[in-house]
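Written out below as structure tokens is the structure these notes cover.
The values are calculated or read from the model by the stated rules, or taken from the named source; none is laboratory data. If you're wondering where the values come from, they're calculated on a predicted model, not measured in any experiment. Here the Cβ positions follow ideal geometry from the backbone for every residue, glycine too, while neighbour counts run over all protein chains shown. What goes into the accessible areas is simple: the full protein's heavy atoms, side chains included, and nothing from ligands, DNA or RNA. Shrake-Rupley method; radii C 1.70, N 1.55, O 1.52, S 1.80 Å.
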Amino acid sequence: MVMKYIFFLVLVLVLLSCIAKAHNSLRDTSFIDRALDNNLTRVSLVTTPLFLQGLKMSHEKIDFSNFRDIHYPNFHTSIDNYTQYFPLALTFGLKLSGVESKSSWKRLLAATFFVMLIDNGTVKIMKTLIHAKRPDFTGNNSFPSGHTAQAFMSAHMFVKEYAMDNYFYSTLAYLMATFTGTMRVMNNRHWMSDVLAGASIGLFSTELAYFCSDLLFKYKEEKYDFKGRNPFFIGLQTSYNLSFNEYHNLSENRSIKFLNGASTGIHTGYFYNKYLGSGIYADYSNYRYFDPNAWEKKDISFYYIGANQYFSLPLHSRIILASHLGLGYTYSEHYKRFPIKISRQENLRYEVGASLSLLLTSHTAIRFFASYTNTKLEIENNFYPFQTLNFGNTIAITF
């Protein structure tokens, strides 16, 4: 089965290379530029993968609580109750102090009204319909995370008003929102799936609110000229990982099967020219595993840091096809001991993959990728291959 998926990945690479040969057909850039300059299109490209990953992870009960359970089982803070509002409070504070924003007071207040209505309404409806149990068992309203939706809504409003042309301040705003989502997981109030869905709702609600406000008051959509490709990027990456790992004939005729998992991490890179680049990638992955005869499921986590070599082919000034090779170091650990011994261990991991990047603005990009990874896992003093096929996206700041 593994070879079948490897063959599929190779086939995808071949097909993409064939598409690349036809890149001259993209010389007429007007349609592509118009599409990528539309704010609702851009935010949909960012939020749809996040929301779908959140739904998939929630359905398969993939979570990232292993790190908290091992290292900080009693962690608690209430700071996330306040950081969710900070970017929005800063937006109105600057406006009240006389610092000029992109919007008039009328447009800003209308957009705020619409975003509160859309964001809070969407979150409450979904919480009621989905009825997901919280990790601390305090309620059945876990999915999606309202705090995270509020945090990303606040951050995106601040960026639209004061930081659309400033990647430094926009990065800080989104980092604040990411911090809020992380604290919801660390506080054991939400699963990672709730946070991903909440982030997507907050971002999309904000863009839709400005769209409604502009229709109401007949404002023209703000345009941000694309000024070209930047050589450096740093981004937040998430992926859904297909696992092909099942081991038999262990002690006492036991078996282990690893279910599909997920990863989240930081991805950086620098391109020396249009075709070659290098970068560093660090991620945290989580998988559930069990003995098919016992059905007692446990979690195992992998921490990874490594280097990538990129090979890119621009199909258009704003569309880049690329492949990459990666090699790095992985460390694994799990929370509860299983009758089958899987020790904490360190191993090498290599990967190969392909990606398609869309440059949304001069300082933001979305990257969709598929990658095959291979490492090894020591089980009862024997080494077994651990292979995954990952599908995900990177939301990146470029400069």
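Restricting attention to the range 351-373, the residues that are within 16 Å of Tyr174 (Cα to Cα) and out of contact with any Leu (no Cβ under 9 Å at 6 or more places or on another chain) total 2.
Working carefully through the options Ser323, Ser332, Ser355, Ser371, find the one that is touching a helix residue (DSSP H, G or I) at 6+ places or on another chain (Cβ under 7 Å), in a strand (DSSP E or B) and not hydrophobic (A, V, I, L, M, F, W, C).
Just one listed residue meets the conditions, Ser323.
Being farther than 21 Å from Asn241 by Cβ and open to solvent by less than 20 Å² (accessible area, probe 1.4 Å), is that true of even one residue in the range 337-352? Checked against the condition, which is being farther than 21 Å from Asn241 by Cβ and open to solvent by less than 20 Å² (accessible area, probe 1.4 Å), the range 337-352 yields at least one hit.
Here Gly326 meets each of (1) surrounded by fewer than 17 Cβ atoms within 10 Å (Cβ to Cβ); (2) in contact (Cβ under 8 Å) with a residue 12 or more places away in the chain with one exception, condition (1).
Output yes when any residue across the range 145-165 is crowded, with 16+ Cβ neighbours inside 10 Å, at pLDDT 95 or above and not in a helix (DSSP H, G or I), and no when none is. Taking every residue of the range 145-165 in turn, at least one turns out to be crowded, with 16+ Cβ neighbours inside 10 Å, at pLDDT 95 or above and not in a helix (DSSP H, G or I).
Of the residues that sit in the range 62-92 and are of a type in the set (Phe, Trp, Tyr) and in a loop (DSSP other than H, G, I, E, B), which one is surrounded by the fewest Cβ atoms within 10 Å (Cβ to Cβ)? Checking each candidate, the answer is Tyr72. What are the residues in the range 176-198 that are open to solvent by 10 Å² or more (accessible area, probe 1.4 Å) and assigned to a helix (DSSP H, G or I), if any? If the condition is that a residue be open to solvent by 10 Å² or more (accessible area, probe 1.4 Å) and assigned to a helix (DSSP H, G or I), then Met176, Thr178, Phe179, Thr182, Met183, Arg184, Val185, Met186, Met192, Val195, Leu196 are the ones that fit. Against the conditions (1) in contact (Cβ under 8 Å) with a residue 40 or more places away in the chain; (2) in a helix (DSSP H, G or I), Pro135 satisfies every one except (2). Just one of the numbered conditions (1) farther than 24 Å from Asn230 by Cβ; (2) modelled with pLDDT of 90 or more; (3) of a type in the set (Phe, Trp, Tyr) is not true of Phe369: (1).
For Ser332, the test of being at pLDDT below 95 and hydroxyl-bearing (Ser, Thr, Tyr) is passed.
Scanning the range 103-111 for any residue that is touching a residue at least 40 places away in the same chain (Cβ under 8 Å), of a type in the set (D, E, K, R), open to solvent by 30 Å² or more (accessible area, probe 1.4 Å) and assigned to a helix (DSSP H, G or I) turns up at least one such residue. Take the residues of the range 244-302 that are hydroxyl-bearing (Ser, Thr, Tyr) and assigned to a loop (DSSP other than H, G, I, E, B): which is farthest from the chain's Cα centre (by Cα)? Among residues in the range 244-302 that are hydroxyl-bearing (Ser, Thr, Tyr) and assigned to a loop (DSSP other than H, G, I, E, B), the one farthest from the chain's Cα centre (by Cα) is Ser255.
Within the range 259-308, being of a type in the set (D, E, K, R) and open to solvent by less than 40 Å² (accessible area, probe 1.4 Å) holds for Asp283, Asp291, Lys298, Asp299.
Results for (1) of a type in the set (A, V, I, L, M); (2) farther than 19 Å from Gly202 by Cβ, shown as yes or no for each residue.
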residue	(1), (2)
Phe67	no, yes
Ile70	yes, yes
His76	no, yes
Phe92	no, no
Lys95	no, yes
Thr112	no, no
Thr128	no, no
Asn140	no, yes
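Listed by first and then second residue, the pairs linking a residue in the range 364-387 that is among the basic types (Lys, Arg) to a residue that is surrounded by 20 or more Cβ atoms within 10 Å (Cβ to Cβ), with Cβ atoms under 7 Å apart and 6 or more places separating them unless they lie on different chains, are Arg367/Ser355; Arg367/Ser357; Arg367/Asn393; Arg367/Thr394; Arg367/Ala396; Lys376/Phe386.
Between Gly228, Gly277, Gly235, which is at pLDDT 95 or above and within 22 Å of Ser362 (Cβ to Cβ)?
Within the list Gly228, Gly277, Gly235, the selection yields Gly277.
Within 23 Å of the chain's Cα centre (by Cα), on the phi < 0 side of the Ramachandran plot and of a type outside the set (D, E, K, R): which single residue out of Ile62, Ile70 fits that description?
Sole residue among the options that is within 23 Å of the chain's Cα centre (by Cα), on the phi < 0 side of the Ramachandran plot and of a type outside the set (D, E, K, R): Ile62.
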